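Here the structure comes first, spelled out in structure tokens, and everything after it is commentary.
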Amino acid sequence: QVQLVESGGGLVQAGGSLRLSCAASRNILSIAAMGWHRQAPGKQRELVASIARYGHTDYADSVKGRFTISRDNAKNTVYLQMNSLKPEDTAVYYCSADWGLVKDWGQGTQVTVSS
């Protein structure tokens, strides 16, 4: 099990940028994969980006070329750099730790993109 704390959300205009951070309570290299998910009102939670233990990254089609997931192993922190933000990116963003059959979740951070 791991505790995850997200930060960095906020209000930004369309076309702007934000960087989300997810601080983990243990060595993130002991976790199979770390991910960022989002949930907009009335919609299901969706995977935005993930980074596997050995560095492989994956992105939702809707964010490819705009979002970048990265990590700082020394700080046990995962980041989501979000550029060229759109109003449809508005959601609560959650960090996850994927253990295979089970995920741990952070509390979420709100991202609001105004048009």
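Remarks
- Per the Cα gyration tensor, the chain maps to an equivalent ellipsoid with semi-axes of 23, 14, 13 Å, ordered largest to smallest.
- When only alpha carbons of the range 17-58 are considered, Rg and Dmax amount to 12.1, 34 Å.
- Accessible carbon and sulfur surface of the chain relative to its total accessible area, %, 1.4 Å: 49
- Taken per residue, the accessible surface of the range 1-92 reaches 53 Å², heavy atoms only and a 1.4 Å probe.
- Aspartates and glutamates with Cα under 15 Å of K86, excluding same-chain neighbours fewer than 8 positions away: D61
The values are calculated or read from the model by the stated rules, or taken from the named source; none is laboratory data. Everything quoted here is computed from the prediction, not taken from an experiment. For accessibility, only protein heavy atoms count, side chains too; no ligands or nucleic acids. Shrake-Rupley method; radii C 1.70, N 1.55, O 1.52, S 1.80 Å.
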